[in-house]
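Okay, structure first, notes after.
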Amino acid sequence: MPYVNIKITKEGATPEQKALLIQGATQLLGKNPKTTVVVIDEVDTDNWGIGGETVTSLRKRK
């Protein structure tokens, strides 16, 4: 049973966008879709860091 975990920042991905991610990841693997599990974790930007800084602080500088 393939398991795919997608992590995105919690910034308003729509249900439709998430459905497309799930569908695309399932198709990409080419395995039995009935046994393919895809989970999307939405992470607050305060809990996601790049280059030693939170995404929240990086986005404030733009």
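The values are calculated or read from the model by the stated rules, or taken from the named source; none is laboratory data. For clarity, every value in this text was computed on a predicted model and none was experimentally measured. We place every Cβ from the backbone using ideal geometry, glycine too, and count neighbours over all the protein chains shown. Only protein heavy atoms, including side chains, enter the accessible area calculation; ligands, DNA and RNA are left aside. Shrake-Rupley method; radii C 1.70, N 1.55, O 1.52, S 1.80 Å.
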Pairs with Cβ under 6 Å, 6+ apart, first in the range 1-19 and farther than 20 Å from residue 47 by Cα, second assigned to a loop (DSSP other than H, G, I, E, B) and open to solvent by 60 Å² or more (accessible area, probe 1.4 Å)
2/31
Report whether or not residue 26 is at pLDDT 95 or above and touching a helix residue (DSSP H, G or I) at 6+ places or on another chain (Cβ under 6 Å).
yes
Of everything in the range 43-62 that's of a type in the set (Asp, Glu) and over 15 Å from the mean Cα position of the chain (by Cα), which residue is nearest to residue 10 (Cα to Cα)?
46
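Of a type in the set (A, V, I, L, M), in a strand (DSSP E or B) and free of Cβ contacts under 8 Å to residues at least 40 places away in the same chain: is that true of residue 22 in this structure?
Considered against the rule, which asks whether it is of a type in the set (A, V, I, L, M), in a strand (DSSP E or B) and free of Cβ contacts under 8 Å to residues at least 40 places away in the same chain, residue 22 comes out as no.
Condition check: closer than 22 Å to residue 58 by Cα and either in contact with a Cys (Cβ under 8 Å, 6 or more places away or on another chain) or open to solvent by less than 50 Å² (accessible area, probe 1.4 Å) (or both). Does residue 25 satisfy that?
no
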Within the range 38-58, count every residue that is hydrophobic (A, V, I, L, M, F, W, C), under 30 Å from residue 1 (Cβ atoms) and open to solvent by 50 Å² or more (accessible area, probe 1.4 Å).
1
